[in-house]
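Notes to accompany the following structure.
The values are calculated or read from the model by the stated rules, or taken from the named source; none is laboratory data. This is a predicted model, so every value here is computed, not measured. Don't worry about glycine lacking a Cβ; one is built from the backbone with ideal geometry, like all the others, and counts go over all protein chains shown. Quick note on the areas: whole protein, heavy atoms, side chains included, nothing else; ligands and nucleic acids left out. Shrake-Rupley method; radii C 1.70, N 1.55, O 1.52, S 1.80 Å.
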Amino acid sequence: MKITANDIAKYLGATLNGEDTAIERYAQLSAPLPHSIVFAKKYSDETVLALNKYNDILAIVTRDYVGKLTCSHIISDNPRLDYIRALSNFFVQEKPKGFIHPTANIESGATIGKDVFIGAGCYVSAQCVVGDGCVLHPNVVLDNRVVLGHHCEIKSGAVLGQEGFGFERNEQGEPVHFPHFGDVIVGNNVFIGSNTTVERATLGSTVIENNVKIDDLVQIGHNSHIGEGSMVTVGAIVCGGAVLSPQSYLAPNVTVKEKVTIGYRGFAGIGAVVLKDVAADTIVAGVPARELRNKN
C-alpha cells in the first residue's frame, strides 16, 4: 500500500507542513533514510540542520520547530506518541486472525474467542478463557484457571496460572506447600512480556486490570492486584498480595514486598525495594525505598 506524508497527517488529525512525499519506511532521527518517517521529542539546532538536509522525509516534531524546518513535518504535542501511532497503523503487520498453530495444545473445554492467534507450542488448559483478538506467541502456557480479556498480547515463554511459592513449616521444620485453588483474571488490552510468570491465587484471584503493560522477566505473585494502566518493567518482582493502584510504574528490577500497596500513579525507581506502602503520586527509590518527592 502506498503511504504519503499527507495520509499520516490525516490519520493523526494534524496539518502537514511542506510537500506531500511518499513514505516507505521508518528510521532513527540520527540516521534518516529517503522517504522515511522520524520524530524529535526535544529541540536542538543540530536537529534542525540535520533534518533540513532532506526533502523526502516526514518529521514529527514539537512546537519549538515551527518555522525552522524545510522538510515535510507535523507539529505535535507528543511526537513520540504520534510516531508510535503512525507506525502501528501504517507499518505493523498484524498476526493472522483466527489462527491456531497445529502444535498448540488446547484442551477440551477451553474457551477461545474470535480472531485469536495462538502460536506454536502453546498450552491452554481446559478451564481457561482466551478473549477475542488475543495473541499468544509461541510457547505461552495458560494453566489451571486463567481468564484473558479481549485484545491481550502474551509473549513467548510467559506462564500464567501455575501455583506460587507458598510454604509453611511443619513440626519437623519441613516446608509444606499451600495448595492454590484460585485463578488469574486479566483485563482487556493487557501486554505481558516473555518469560514472565503470573501465579494463580491461593484463594480468590490474582488480578491484572485493563491496559496494564508488563515487561519481560517479571514475577507477579499470587493474590497480587495490578491496577488499570500500570506499567511493570523488566526484572520487577511483585510479591504475593501486593497491590499496584491504577497508573503505577515500576522501573527495572524493582521489588515490592508482599501485601504492600503502591498508591495511584506511584512510581518506584530502578532497583528500589519497596517494603512499605507508597502514597498516591509519590516517587520512591533506594534500598529500602524512600520517598524522593510527591508529584503534586
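Numbers below:
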quantity: Entirely in the stretch 131-238, the strands (runs of 3 or more DSSP E) that have 1 or more residues that are surrounded by 18 or more Cβ atoms within 10 Å (Cβ to Cβ), modelled with pLDDT of 95 or more and of a type outside the set (D, E, K, R); calculated: 146-148, 183-186, 205-208
quantity: Residue among 235, 241, 269 that alone is touching a Pro at 6+ places or on another chain (Cβ under 6 Å) and either farther than 30 Å from residue 146 by Cβ or not aromatic (Phe, Trp, Tyr) (or both); calculated: 235
quantity: Residues located in the stretch 240-296, provided they are within 19 Å of residue 222 (Cβ to Cβ) and of a type in the set (Val, Ile, Thr); calculated: 243, 254, 255, 256, 260, 261, 262, 274
quantity: Members of the stretch 283-296 that are open to solvent by 100 Å² or more (accessible area, probe 1.4 Å), aliphatic (A, V, I, L, M) and either in contact with a Gly (Cβ under 6 Å, 6 or more places away or on another chain) or in a loop (DSSP other than H, G, I, E, B) (or both); calculated: 287
quantity: Hey, residue 280 part of a loop (DSSP other than H, G, I, E, B), in contact (Cβ under 8 Å) with a residue 12 or more places away in the chain and open to solvent by less than 20 Å² (accessible area, probe 1.4 Å) or not; calculated: no
quantity: Of all residues making up the stretch 239-268, the number that are among the hydroxyl-bearing types (Ser, Thr, Tyr), part of a loop (DSSP other than H, G, I, E, B) and open to solvent by 10 Å² or more (accessible area, probe 1.4 Å); calculated: 2
quantity: Answer residue from the stretch 111-126, given it is in contact (Cβ under 8 Å) with a residue 24 or more places away in the chain and either in contact with a helix residue (DSSP H, G or I) (Cβ under 8 Å, 6 or more places away or on another chain) or farther than 14 Å from residue 154 by Cα (or both) and is least open to solvent (accessible area, probe 1.4 Å) among those; calculated: 125
quantity: Whichever residue in the stretch 39-85 is β-branched (Val, Ile, Thr) and without any contact (Cβ under 8 Å) to a residue 24 or more places away in the chain and, among such residues, is farthest from residue 16 (Cα to Cα); calculated: 47
quantity: For residue 76: the one exception among (1) open to solvent by 50 Å² or more (accessible area, probe 1.4 Å); (2) of a type in the set (S, T, N, Q); (3) modelled with pLDDT of 95 or more; calculated: (1)
